[in-house]
Amino acid sequence: MKKIYTNIHDFWFQIPEKIRFVFIGGFNSLVSFVMFVFLIHFFAQFFVDDTTRLYNYVRIHHIPVLEHISFIQFIRQFSLALAWLLSSFVSFTTQRLLVFRARGQASVVKQYIKCLYTWFIGYLINAITLEIFAQLFEKIDLFPPVIETDIAQAFALVFSAVSTYILFKYFAFKKKKNLHIENNQTI
């Protein structure tokens, strides 16, 4: 059994990092997308009254800027934020271990905090592109708004995936450069 694991491990890490990111990022995006779709349909169908009350309460009492945001935009962004939060644990673990091969227990918390920054930027890119595509699809008006939102999120994920890879590679999981001395020993 150990030999099978070793063969799979060796095969996996012979695949170039960018290709591993595409596979693992695709898996993580699928997890996030499924959570998003579940949450938006869940709030739209089962908790529409509660979500409406939350929307009105937050809009009127706490964040006046929300008075310019429609209810469907609120549900989209609320569902998106929850999906990103819930899927962050899966994404951190898979990216850390299966793509960037980050090591060391001491750096886990530091890496997770860097990942949170990365995800925040990715989230902002996702949120903005989601609204752009959702409004575009609303103008075309081929499907119900919830389905148009699902399609818009699929397009928005492409933009956030590219930015997330760049930030993971050069910020969150950045590898330290080894110092070499004259006899080519690594310090």
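Do you know which residues across region 139-171 are among the small types (G, A, S) and either modelled with pLDDT under 85 or more than 17 Å from K18 (Cβ to Cβ) (or both)? If the condition is that a residue be among the small types (G, A, S) and either modelled with pLDDT under 85 or more than 17 Å from K18 (Cβ to Cβ) (or both), then A152, A154, A156, A161 are the ones that fit. Listed here are the helices (runs of 4 or more DSSP H) enclosed by region 1-57 that have at least 2 residues being buried (at least 16 other Cβ atoms within 10 Å of the Cβ) and among the β-branched types (V, I, T): 17-45.
Restricting region 67-112 to residues that are assigned to a helix (DSSP H, G or I) and small (G, A, S), the residue that is surrounded by the fewest Cβ atoms within 10 Å (Cβ to Cβ) is A81. The C-beta contact set for region 124-137 (first residue closer than 15 Å to D150 by Cβ, second residue of a type in the set (D, E), distance under 6 angstrom, 6+ apart or interchain) comprises F137/E148.
The values are calculated or read from the model by the stated rules, or taken from the named source; none is laboratory data. Quick caveat: nothing in here was measured; it's all calculated off a predicted structure. Note that we place each Cβ from the backbone using ideal geometry, even for glycine, and neighbour counts take in every protein chain shown.
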